1. Per-residue ellipticity at 222 nm for the chain, helices alone: DSSP H runs ≥ 4 residues times -39500 (n - 2.57), over residue total, nearest 500 deg cm²/dmol?
2. If r is the Cβ-Cβ distance from His51 to Thr202 and R0 is 30 Å, what FRET efficiency results, to the nearest 0.05?
3. Beyond 26 Å, how much of the Cα-Cα pair distribution for region 1-127 remains, as a whole percent?
4. At 0.36 nm per residue, minus the direct Cα-Cα distance, what do Lys7 and Lys138 gain on full extension? Give it in nm, one decimal, please.
5. In whole Hz, what ³J(HN,Hα) sequence does region 93-102 give by Karplus (6.51, -1.76, 1.60; θ = phi - 60°), x for Gly and Pro?
6. Using the Karplus curve 6.51 cos²θ - 1.76 cosθ + 1.60 with θ = phi - 60°, work out ³J(HN,Hα) for each residue of region 66-78 in order, rounded to whole Hz, and write x for Gly and Pro.
7. List the residues whose amide H sits under 5 Å from the amide H of Ser217, counting only those 5 or more places along or on another chain, with H placed 1.01 Å from N in the peptide plane.
8. With an 8 Å Cα cut-off and a minimum separation of 6 or more residues, compute the relative contact order for region 41-108 in percent.
Amino acid sequence: ETRPYEKEKGAVDDLYDNYIKKLYASLRGLDGKAENVIKSARKDFEYLPKHKEKKPLIGIVGEIFVRSHKFSNENLIRKIEELGGEAWLAPVEEWIYYVNRMSLRKVLIKKDRSAIIEFLLKEFFQKRMEHRYARHFKGFLKTLKEPDINKLLQKASPYLHDSFEGEAVLSIGKSIDLIERGVAGIINAMPFGCMPGTVVTTIMRGLSRDYGTPCISIAYDGNESPTTEIQIEAFMNRAKEYNAAKGQAVSS
């Protein structure tokens, strides 16, 4: 969230790398000071010199690994930033909570009481730990508050029923959530030939039609392609035009 607006190029990456090392050392040593590191990081990131103009916000959804792994997606986030945008990446914990929810649904059908209690306790402590660390960024990170999995499934339901299990229903639900939060475009990052990704690609045409937001799917096969660069450039131009038109509509 900070890097697209840095005044001194490389300052954010240097600060981030520094705090990753500090956090790793704290967790590895089990000194109980990880929260102190996080609080200090928030202050340093908050006070970095930044430009004030807002850039088009681009949501990234898709297959969990490809969208999150910079080598697999050919540094998609940095390409968005180089073309004048800011990226909002769907978080990894989305998949963890989704797997929990689907597992809970199955044990509820089986009426396995011990398994039900186990899943509820696991999710309780996962969310408690997440809140413990995330609360230090409240008021600073707009990407901090993620909707409950049930809400994402509900948002996706007009396009894809939640009985169709897997990443596709999450990508659709998260895309709608991101559109409602004001993104200027959505990129679906997927492995080449991925069936859930192909399903999302098809449904996204309907999303783009219904909401007017530019959407694109990019398939990655491990080989860097100049075609991908051209696709992203063309998409970013559309997103900027959409963002400008949206801004004019609001101001008028």
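1. Rounded to the nearest 500, the figure is -19500 deg cm²/dmol.
2. 0.20
3. Percent of Cα pairs beyond 26 Å in region 1-127: 45.
4. 44.8 nm
5. Coupling constants for region 93-102: 4, 3, 5, 4, 5, 5, 4, 4, 5, 5 Hz.
6. Result, ordered by residue: 4, 5, 9, 9, 4, 5, 5, 9, 6, 6, 4, 4, 5 Hz.
7. For Ser217, the qualifying residues are Asn188.
8. Relative CO of region 41-108 lands at 32 percent.
Where a number appears in this text, it was derived from the coordinates with a stated rule and is not lab data. Treat the numbers as computed from the prediction; the structure is a model and nothing was measured. As a convention, Cβ positions derive from the backbone with ideal geometry for all residues, glycine included, and neighbour counts pool all protein chains shown.
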